[in-house]
Amino acid sequence: MTSVADVIVKVLEESGIERIYGIPGDSIDPLVDSIRKSNIKYVHVGHEEGAAFAASVEGKITGKPAAVMGTSGPGSIHLLNGLYDAKMDHVPVIAFSGQVESDMIGHDYFQEVNLLKLFDDVSVFNQMIVNPDNAEYLIRRAIREAKTKRGVAHLNLPVDILRKSVNYKGVKDTVEAKVEYSVDFTKAKELIKKSERPVIMIGGGSRGSSKGINDFAEKIGSPVIYALNGKGILPDDDPKVMGGIGLLGSKPSIDAIDKADLLIMLGTVFPYVNFLPKDVKTIQVDIDPSHIGKRINVDLSYPIPVDSFLKIDVEEKDEKFYEKMKGSKEDWLNSLRKQEESNDKPMKPQKIAYLISQKCAKNAVIVTDTGNVTMWTARHFRASGQQTFVFSSWLGSMGIGVPGAVGASFAVGNSRQVISFVGDGGFTMTMMEMITAKRYNLPVKIIVYNNSKLGMIKFEQEVMGYPEWGVDLYNPDLGKLAESIGFKAFSIFDPNDAETTIDEFLKTEGPALLDAVIDPNERPMPPKLTFKQAEGYVISIFREKLQGI
């Protein structure tokens, strides 16, 4: 006989889950003690939100389930933001929440919260263990559901049930059959053959298919544009790669879309339909059939993995459309270089993103927080094609940057450099996870864009014609803060010092923080400014002037 808590931990071990993020508490202490006796690493975080963000980012990088836990009531409530990030980015995560004794449920007991109801929307599987004999079945099913449905599986654990004795049935060897698709590509080949200006758009579902996409694009002469989750799948300096699409994107990508006579969407459900072409033949490939036609009507749909589609045998085109886009891309890069090479004061944030991309490891993991910081990475970090980029791409939550670096560092170990870009707003939300990084000697490199503003909110207010208001930040001395935790701290105030400081920063063996003081008025301009947006800018600036009178 063994306890329910021991059974849960044994099944986690068997399933290859290496660590669990969280904070102890009385309602999950039986589980914590079982972890203590196991080979699973317990990662003690500063806040449960950080635990869930770290688990989400680990899952994004490995593709395997990560685990997280919170105690009854407030501890588990704190998990929700990071778990929604996992839900919306389709990441497998196992979430355990503590609960009061089962005979106290419904008594309005101390810290009693209806966590099943609370977690219902965020979860693909959501159950309470009420019978000890059912515990092993439920934990195995939770892991299976998280993997197959690519989402959060939640188990609520009354503390008395965790202590109950139960028979452990043990693992059974299961052989997973490899699925192969047999697809008739005749119609797709006809569309591609007729097309003179095909454009390939890639997203997160294209990860791991770099070579196939490159060969396919070269053969049909297609420019490649990417949604945010497609960043880094191909190198940005590849002549076929036009850059991102959308507000964070590039002008050559918009030019390519505007001229396209065929759009081939590979592993993306890009949400901003205003940037997608109308009345253009479209092929969509996505392993999730529910994604097909979700944004625009498509002519051909293939609910299969991107790799399976890339087995299509197409004729090579003599004329390459991407070669005709060369001038547009060069003009765009020249406009970016003016910002990236500027030594104006205050310093341009674009300079930092570009320099880091030139000096960091070619296979680094890049975690980026949400806000203007997302723009600087998406546009100005030149991806090598070997790097992994992680964003809170669908939830768009501030605060993922520092705990995300923790999860990324655990995911890759010492094999790859981990760099996190954060704005000062997102940084101050979850900066306590620097303590977690130092506690476990994780050599993360954190770059803070320090402009004492919620820069993206300022931009959004201006676009809507409002004056800047309520966006000022009061920042501590970030260098002293980092050093008090045990990080090595660097600061850049003068753009002329940027290169040498970044060299030293990236060469630091342990965890390090770079405080980059940047221009608070640098706006993340869209690749194409509409009249309405321009009008909003003028009105907002006028109002700001009036406020200053």
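The values are calculated or read from the model by the stated rules, or taken from the named source; none is laboratory data. Keep in mind that this is a model prediction, so the values were computed, not measured. Cβ placement follows ideal geometry from the backbone for every residue including glycine, while neighbour counts extend to all protein chains displayed. Only protein heavy atoms, including side chains, enter the accessible area calculation; ligands, DNA and RNA are left aside. Shrake-Rupley method; radii C 1.70, N 1.55, O 1.52, S 1.80 Å.
Quick one: grab the alpha carbon gyration tensor of segment 377-484, order the square roots of its eigenvalues as a ≥ b ≥ c, and give me rounded if a/c is under 1.5, else prolate or oblate depending on whether a/b is larger than b/c. Judged from the Cα gyration tensor, segment 377-484 comes out oblate (a/c at least 1.5, b/c at or above a/b).
Here the peptides 478-490, 154-166 are ranked by packing, the mean other Cβ count within 10 Å, and the order with the highest first is 154-166, 478-490.
Rounded to the nearest whole Hz, the Karplus-based 3J(HN,Hα) values (6.51 cos²θ - 1.76 cosθ + 1.60, θ = phi - 60°) of segment 261-275 follow the sequence 10, 8, 10, 10, 9, 10, x, 9, 10, 2, x, 8, 5, 5, 8, with x at glycine and proline. Which chymotrypsin sites (Phe, Trp or Tyr not before Pro) in segment 72-120 pass both tests, a DSSP loop state and at most 10 other beta-carbon atoms within 10 Å? Here the chymotrypsin sites (Phe, Trp or Tyr not before Pro) that fit, given the DSSP loop and packing criteria, are 110.
Taking amide H atoms as placed 1.01 Å from N in the peptide plane, the amide H of residue 347 lies under 5 Å from those of 519, each 5 or more residues away in sequence or on another chain.
With angles folded into 0 to 90 degrees, how steeply does helix 326-340 sit against the dominant principal axis of the chain? Use alpha carbons for both and round to 10. Taking Cα atoms only, the helix is inclined about 70 degrees. In this structure, the amide hydrogen of residue 19, modeled 1.01 Å from its nitrogen in the peptide plane, lies closer than 5 angstrom to those of 41, 67, counting only residues at least 5 positions away or on a different chain.
For segment 507-518, 3J(HN,Hα) computed residue by residue from phi via the Karplus equation (6.51, -1.76, 1.60; θ = phi - 60°) reads 7, 4, 6, x, x, 8, 10, 10, 8, 9, 7, 10 Hz, glycine and proline entered as x. Note that segment 41-58 has calculated 3J(HN,Hα) couplings of 7, 8, 10, 7, 9, x, 8, 4, 4, x, 4, 5, 4, 4, 5, 4, 5, 4 Hz, one per residue in order, obtained from phi through the Karplus relation 6.51 cos²θ - 1.76 cosθ + 1.60 (θ = phi - 60°); glycine and proline are x. Amide H to amide H, with H built 1.01 Å from N, residue 418 comes under 5 Å of 365, 445, counting only residues 5 or more places away or on other chains. Under 25 Å Cα to Cα from residue 172, which lysines show up? Leave out anything in the same chain fewer than 8 places away. Candidates past the 8-residue exclusion: 10, 37, 41, 64, 147, 149, 164.
For the chain, a crude dipole built from +1 on the beta carbon of Lys and Arg and -1 on the beta carbon of Asp and Glu, taken about the Cα centre, is about 940 debye to the nearest 20. The residues of segment 75-133 expose on average 46 square angstrom of accessible surface per residue, using a 1.4 Å probe on protein heavy atoms. In terms of the Cα gyration tensor, with a ≥ b ≥ c the square roots of its eigenvalues, is the chain rounded because a/c is under 1.5, prolate because a/b exceeds b/c, or oblate? It comes out oblate by the Cα gyration axes. Think of each Lys and Arg Cβ as +1 and each Asp and Glu Cβ as -1; about the Cα centre, that makes the dipole of segment 55-134 roughly 360 debye. Computed in the context of the full set of protein chains, the accessible area of the chain at 1.4 Å probe radius has 50% of its extent on carbon or sulfur. Once you order the gyration tensor axes a ≥ b ≥ c over the Cα atoms, which shape class does segment 405-456 get: rounded for a/c under 1.5, otherwise prolate or oblate by comparing a/b with b/c? Prolate is the answer for segment 405-456, as a/c is 1.5 or above and a/b outweighs b/c.
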